[in-house]
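First the structure, in the form of structure tokens, and then the observations on it.
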Amino acid sequence: MSQETEYTPPRVWTWKSESGGKFASINRPIAGPTHEKALPVGEHPFQLYSLATPNGVKAGIMFEELLALGHQGAEYDAWLINIGEGDQFGSGFVEANPNSKIPALMDRSSDQPIRVFESGSILLYLAEKFGELLPKEHVARTEALNWLFWQMGSAPFLGGGFGHFYSYAPVKLEYAIDRYAMETKRQLDVLNRHLADHRYLAGDEYSIADIATWAWYGQLVLGRLYDAAEFLQVQEYTHVVRWAEEIDARPAVLRGRMVNRTFGEPELQLHERHDASDFETRTEDKREA
């Protein structure tokens, strides 16, 4: 790094609101709502407020998997939260998730509505509520939770680290990109070594660990994140690719990816979801290259 670009931190950091980058207009160093806006409520037991980012699709996939397993009680309304427009800072959303991050879920299936936030918490909550997609045997359950929490701790290095500096930062910094590319490839190697001997992350049983991890690392090796597949040479991770393709072929995964999606091919977008019939106008067997 040259002297001209070297940065010396001041003694006290101050917020520069126009700091640049794709998300400069919505990033801020304080929490809480910026405006009053109540959340819409539909007729189903669960109300999902989200966007089809990697974290967002986890919840959509989970609901669609539960419905595919025959759990009619898992019917849900999915409402779009446009994070680029600052919807996550509306008063109603902040009540559902004080951290102002998608997804957020309200369980209205009983007299007392329950809020559930953080994508890993939503997956675990639904798995326990319906008794699905989390092994019941102690060792396998523990392994599934190991990988679920691995994903929650590791993905920020992929998204907020590599993804930000490779795709969104206003300037390309070699040090930052190299640092997070190295860590992303290390994480892919962790997965690849494990999946060499396991069909799914917890063994032979598909679980919430796979849903959570696929949303980030599966989509990465399938070429859907940051246009970085060639840069990271994702084809080297053959066992991750095999696992990612198998999960990608699940009909519930395709449906879950559509929910609250506003980008990509029109056939794969479903801005809001209120009934299973909402998918009927979409091409269910269409896949992105």
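Expected output is a single nm value to one decimal: the length gained when fully extending between SER91 and GLN269, i.e. 0.36 nm times separation in residues minus the C-alpha distance. What is it?
Details: separation 178, 0.36 × 178 = 64.08 nm, distance 2.68 nm.
The span from SER91 to GLN269 would gain 61.4 nm if fully extended.
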- Beyond 22 Å between alpha-carbons counts as too far, so tell me which of LYS58/LYS101; LYS58/LYS129; LYS16/LYS185 fall in that bin. LYS16/LYS185
- Heavy-atom accessible area per residue of the chain, all protein chains kept, 1.4 Å probe, expressed in Å², is 51
- Query: Going by average Cβ neighbours within 10 Å, how do the peptides 233-241, 272-280, 102-110 rank, with the highest at the top?
  - Reply: 102-110, 233-241, 272-280
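Using +1 on the beta carbon of Lys and Arg, -1 on that of Asp and Glu, and nothing else charged, what's the dipole of the range 78-169 about the Cα centre, debye to 20? List each step's numbers first, then the result.
Values: 6 positive and 10 negative charges, 21 e Å.
For this selection, approximately 100 debye.
If a/c stays under 1.5 just call it rounded; otherwise compare a/b with b/c (prolate if a/b is bigger, oblate if not). Do that for the chain, with a ≥ b ≥ c from the square roots of the Cα gyration tensor eigenvalues. All intermediate terms of the calculation are to be shown ahead of the outcome.
On the way: a/c = 1.68, a/b = 1.17, b/c = 1.44.
The shape class here is oblate.
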- Task: Specify the inter-centroid distance of the range 202-258 and the range 150-191, based on alpha-carbon positions, in whole Å.
- Result: 17
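On a full-extension model of 0.36 nm per residue, what is the gain between LEU173 and THR14, subtracting their alpha-carbon distance, rounded to one decimal in nm? Show your work: numbers first, answer last.
Values: separation 159, 0.36 × 159 = 57.24 nm, distance 2.18 nm.
Contour length minus the Cα-Cα distance gives 55.1 nm.
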- Using alpha-carbon pairs under 8 Å, 6+ residues apart, how would you state the relative contact order of the chain in percent? 21
- Be a star and scan the range 138-165 for residues whose amide nitrogen sits under 19 Å from the point 7 Å along the Cα-to-Cβ vector of ILE114. 145
- Query: In the chain, with Lys and Arg counted as +1 and Asp and Glu as -1 at Cβ, which of these residues, THR262, ALA169, LEU148, has the Cα nearest the positive end of the dipole, that is, farthest along it?
  - Reply: ALA169
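With only Lys, Arg, Asp and Glu charged, each at its Cβ (+1 for the first two, -1 for the last two), find how big the charge dipole of the range 12-105 is about the Cα centre; round to the nearest 20 debye. Before the final figure, lay out the partial values.
Values: 6 positive and 10 negative charges, 107 e Å.
The dipole of the range 12-105 has a size of about 520 debye.
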- Using unit Cβ charges (K, R positive; D, E negative) and no other charged atoms, how large, in debye to the nearest 20, is the dipole of the chain about its Cα centre? 740
- Among 169-177, 152-160, 136-144, what's the highest-first ranking by average C-beta atoms within 10 angstrom per residue? 152-160, 136-144, 169-177
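The values are calculated or read from the model by the stated rules, or taken from the named source; none is laboratory data. In this text, all values refer to a predicted model and were calculated from it rather than measured experimentally. With ideal geometry, Cβ positions are generated from the backbone for all residues, glycine too; neighbour counts draw on all protein chains shown. Side chains included, ligands, DNA and RNA excluded: accessible areas come from the protein's heavy atoms. Shrake-Rupley method; radii C 1.70, N 1.55, O 1.52, S 1.80 Å.
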